[in-house]
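These notes are about the structure you will find just below.
The values are calculated or read from the model by the stated rules, or taken from the named source; none is laboratory data. Given the structure is predicted, the values throughout are model-derived calculations rather than measurements. Protein only, heavy atoms only, side chains kept; ligands, DNA and RNA dropped before computing areas. Shrake-Rupley method; radii C 1.70, N 1.55, O 1.52, S 1.80 Å.
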Amino acid sequence: GSDTHIYFAYYDALNKQLRFKAGSTDFSTTGNYVRKSEFDDFRDTANQGRPMTYAADTVYMDIIAGKDSSNATATYDAGKYSCVGVDSHGTSDIAVITWYDETHSTLWYAYNSSPLSNAVTQTARTGGSWNISRVFAKNSSYSRAGEYVQLAVDAKGGVHIAAYNISGGDLIYA
């Protein structure tokens, strides 16, 4: 079979955190059937046909921004506008995330060159392996841009970011 890597980021409104999950699955063919193996971070924990309930714990995920039990004051606040992409042109995947921190009116960019490492450990990961920086300088004319952020990674690994600039009422590109 061949591995398929899956990455996603989401805003957890209950905990005010930007969370990231990564995992792999492989498919193998047996006769006329395709079988899927265990799915790393994306385990189905439904019990007896009941839907999975919300779990506030941070098992199987990175907290990229926002507060958690080990981080009472977050350097980077989370926001509801975020986007994730993957640079897969090299020997290993690089996960990239942008998000808009409304508290500080800042568009952040982060990347992780080993997003699958320790993907199946049952411990909270607090985003320590992420390199984080501002997309725009703090006092630039685009410093409040970031709502509705989208990103794309091109075939050569270039990252393209577009977002709404609340100050100018226009679309910006970085």
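Structure notes:
- Stretched out straight at 0.36 nm per residue, the stretch from residue 156 to residue 141 would grow longer than its current Cα-Cα span by 2.5 nm.
- Residue-span extension gain [residue 8 to residue 134] - 0.36 nm each, minus C-alpha spacing: 43.3 nm
- Computed on protein heavy atoms with a 1.4 Å probe, the accessible areas place 134, 19 in the order 134, 19, largest first.
- Heavy-atom accessible area order for 4, 103, largest first, 1.4 Å probe: 103, 4
- The gain in end-to-end length when the residue 80 to residue 171 segment is fully stretched comes to 31.0 nm, 0.36 nm per residue minus the alpha carbon separation.
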